[in-house]
1. Local charge sum around Leu239 (other residues, Cβ-Cβ under 10 Å, Lys/Arg +1, Asp/Glu -1)?
2. Say each of Phe237 and Tyr337 gets a label point 7 Å from the Cα, pointing the same way as Cα to Cβ; how far apart are those two points in nm?
3. Roughly how many Å is it from the Cα centre of segment 186-233 to that of segment 1-42, as a whole number?
4. What does the helix-only formula give at 222 nm for the chain: each DSSP H stretch with n ≥ 4 adding -39500 (n - 2.57), the total divided by the residues, and the result rounded to the nearest 500 deg cm²/dmol?
5. Over what distance in Å are the Cα centres of segment 70-126 and segment 139-163 separated?
6. If the viscosity is 1.567 mPa s and the temperature 4 °C, what translational diffusion coefficient in µm²/s does Stokes-Einstein give for segment 2-172 when Rh comes from Kirkwood over Cα pairs?
7. Multiply the residue separation of Met276 and Trp190 by 0.36 nm, subtract the distance between their alpha-carbon atoms, and state the gained length in nm to one decimal.
8. Near Asn217, within a Cβ-to-Cβ distance under 11 Å, what is the net charge of the other residues, with Lys and Arg +1 and Asp and Glu -1?
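Read-outs throughout are calculated quantities, based only on the coordinates presented, and are distinct from any laboratory measurement. This structure is a prediction, so every number in the text was calculated from the model and none was measured. Here Cβ is always computed from backbone atoms with ideal geometry, including for glycine, and neighbour counts include all displayed protein chains.
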Amino acid sequence: MVFFKLAAFYFFYFAAVGVYVIFMPKVLHDLNYTSAQIGILFALAPLMRFITPFIFLKHIKLNANVFKLALLASLISSSLFYLTIDNFYAFMINNSILGVSLSLILPYMEIIALKDLGKNNYGKARLFGSIGFMLVALVLARYLSNPYMALHFYLIANIFTVIISLSLLKHDVSHKENNTKTKFSFIKYWQFWLSLFFMQMSFSAFYNFFTIYETENMISLETISYMWSFAVLMEIFMLYFQAPLLKKNLKNIILFCISLTVIRWLLLFFFASNEMVVYFSQALHAFSFALYHSCVIMFLYTLYENKKLAQQFMYGVAYGLGGFIGGIVSGYLYGEYLFLYSSIFALFSLYFMSQVKKEKELTY
């Protein structure tokens, strides 16, 4: 029963992410937002992901009550989209509140998933998130007749996310973590945090500019959409079959995934106009995202006693700060050598990860 609830959570959570990431920029463009305003709004979410964990470092604990407040805030914020979307400053404040709430919800649920599902079934539940993301991309594209249709989809997905999350609260283990005596420290595993940061920096060019980059290399927009879908299918495939790999040495698997990511970006640099090679590079998404992500959160689980705070910082440092700075840098570096720079960032990630040394293995 827990498996199906967690699968449903991932499905609706990432369906909402799909609406926000894929369609919200178009919605704002249709409502006459400038490109600068859209850029600012979409920089807020990763920035909030980075800032929020520091509030919880000393002053607040991510327990059931705080989690409920985060769910309520996400529900209120998504409802207020209808009232604030026509005003840039009101919508900016609303997005900031939403960013804070989302930076708490996913880390909280990831710990429940790792605790209750373990290595064998985590990926099988998580793959429903990829399915939700892909389905909303296919379905909403057909029905986006007016800007508010995207808001309807987002609100509905968020309502289901909140309902399912509340049903999983009984699996909360935060009361055990609140009694931990070991202080959270970045310094202890600083190489690991730098590796996360540079890995996400390397991905920023892909997420922000892959479509533009490939169209400029004479690949059709329709073909590029198939390439995106193919990458998601490879991600789903890996999440379903990854369990035996997760029983191996996690650090070595992470190093392997980062190495393939370096190769992936080099392939896009050298063979950007070769469709078969680009499809092959998209197949590597199974390793550079799906397997890498699973290994990272499980590896992190064994490093720190305060597991929720560790997960918050993982999303904050990697997807937050890494995504924020990576987005700015990739925009500045955009051009023929974009993915060569991405491969260099991934090489930095590989180096720092190779330097990580664990003092002890905490219980999993």
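1. Values: positive: Lys124, Arg126; negative: Glu235.
So the environment of Leu239 carries a net charge of +1.
2. 3.5
3. Here the answer is 17 Å between Cα centres.
4. On the way: 16 runs with 277 residues, N = 364.
Result for the chain: -25500 deg cm²/dmol, rounded to the nearest 500.
5. Using only Cα atoms, the two centres lie 15 Å from each other.
6. Working: Rh = 16.5 Å.
Translational diffusion coefficient: 78 µm²/s.
7. Details: separation 86, 0.36 × 86 = 30.96 nm, distance 3.85 nm.
Once the chain is fully extended between Met276 and Trp190, it gains 27.1 nm.
8. Working: positive: none; negative: Glu214, Glu216, Glu275, Glu336.
Combined, the nearby Lys, Arg, Asp and Glu give -4.
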